[in-house]
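To start, the structure itself, in structure tokens.
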Amino acid sequence: MLIVPLLRPDRTIGLLVVRRREPGEFPAATVGLLETFADQSVLAIQNARLFREIEEKGRQLELASRHKSQFLANMSHELRTPLNAILGYSELILDNIYGEPSERMRGVLERVQSNGRHLLGLINAVLDLSKIEAGQLALSINDYSLKEVVQSVFIALESLATAKRLALKVELPAALPTGRGDEQRITQVLLNLVGNAIKFTEAGEVAIAASVEDGAFTVAVRDTGPGIAVADQTRIFEEFQQVDDSSTRSKGGTGLGLAISKRIVEMHGGRIWVESSQGQGSTFAFRLPIKVEPQAGQT
């Protein structure tokens, strides 16, 4: 009988036992082979245990992530209701429904509204992200006009560009085919890109361009801002990331807009990217199939 222990540094975890009918010693080569096999068996057993532990930790992390996403979704809903009430009542007061407010009161209410809308935007961004992570965000697929999407974004943000003395331009071909996708979400992506371009550009212009080729739309937002270093161009599409992520940064935001935009574009079967260099401005672009087919969970 030959017995080879399965050894770990701190303890023995088993034995490798070989029997034979003939008496006498085992050859040295056989003993060496079994010792090597015992060493490899220890490693295999240890790896199997580690793999099971990793699987279990992975399940625990997935469950915790789902709970986190559900918590954020629930909290976002709970926060939006009273916040919308605050915004609604402040709007009624500014409209003189409860009497004429003084100029000082009107100034305070306007600040309440401005900050309330900013907070509502942050809550909506967190809610969108939590829905995406929980797999609860579904696209509503319908026919849409890309030209109308671009025009609606232009109308919504033209005043912001004017306030900063920036030129906001639209460059569209004479004709664009009817698209099929989630118009509201595509508009959300373009609003985010153009809004960011205006926010980070201090002089010059912001231009929205669209084209169609090989069964896909390409929409690009070009600015004359400070540009983005190559090292930051991938990071900015991650959650809670900005080019300047210090606590003293001059621009607001949570760093969720581009991450959400990336998820929405990918849900349409497209991709989003940026082309930029420091001091030369930036161009954010996304490409979508003209006709998006509904997937499971979409309508």
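The values are calculated or read from the model by the stated rules, or taken from the named source; none is laboratory data. Note that the structure is a prediction, hence the values are computed from the model and not measured. Because the Cβ atoms are built from the backbone with ideal geometry, glycine has one as well, and the counts that use them run over all protein chains shown. Side chains included, ligands, DNA and RNA excluded: accessible areas come from the protein's heavy atoms. Shrake-Rupley method; radii C 1.70, N 1.55, O 1.52, S 1.80 Å.
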Of those in region 151-176 that are within 25 Å of residue 216 (Cβ to Cβ) and out of contact with any helix residue (DSSP H, G or I) (no Cβ under 7 Å at 6 or more places or on another chain), the residue surrounded by the most Cβ atoms within 10 Å (Cβ to Cβ) is 154
Item to check | Boolean, residue 2 is free of Cβ contacts under 8 Å to residues at least 40 places away in the same chain, on the phi < 0 side of the Ramachandran plot, open to solvent by less than 40 Å² (accessible area, probe 1.4 Å) and more than 52 Å from the chain's Cα centre (by Cα) | outcome: yes
### Task
Determine whether residue 224 is of a type in the set (S, T, N, Q), free of Cβ contacts under 8 Å to residues at least 60 places away in the same chain and out of contact with any strand residue (DSSP E or B) (no Cβ under 8 Å at 6 or more places or on another chain).
no
Among the residues of region 177-191, the number that are open to solvent by 40 Å² or more (accessible area, probe 1.4 Å) and of a type in the set (Lys, Arg) is 1
The residue from 37, 26 that alone is in contact (Cβ under 8 Å) with a residue 12 or more places away in the chain and not in a helix (DSSP H, G or I) is 26
Residues of region 100-145 being loosely packed, with under 12 Cβ neighbours inside 10 Å, assigned to a loop (DSSP other than H, G, I, E, B) and of a type outside the set (D, E, K, R), in sequence order, are 102, 135
Q | Selection status of residue 121, closer than 18 Å to residue 188 by Cβ and of a type in the set (Gly, Ala, Ser) | A | yes
The number of residues in region 180-212 that are in contact with a strand residue (DSSP E or B) (Cβ under 7 Å, 6 or more places away or on another chain) and of a type outside the set (A, V, I, L, M, F, W, C) is 6
Of the candidates 249, 263, 222, the one satisfying the condition of being outside any strand (DSSP E or B) and either surrounded by 18 or more Cβ atoms within 10 Å (Cβ to Cβ) or modelled with pLDDT of 85 or more (or both) is 263
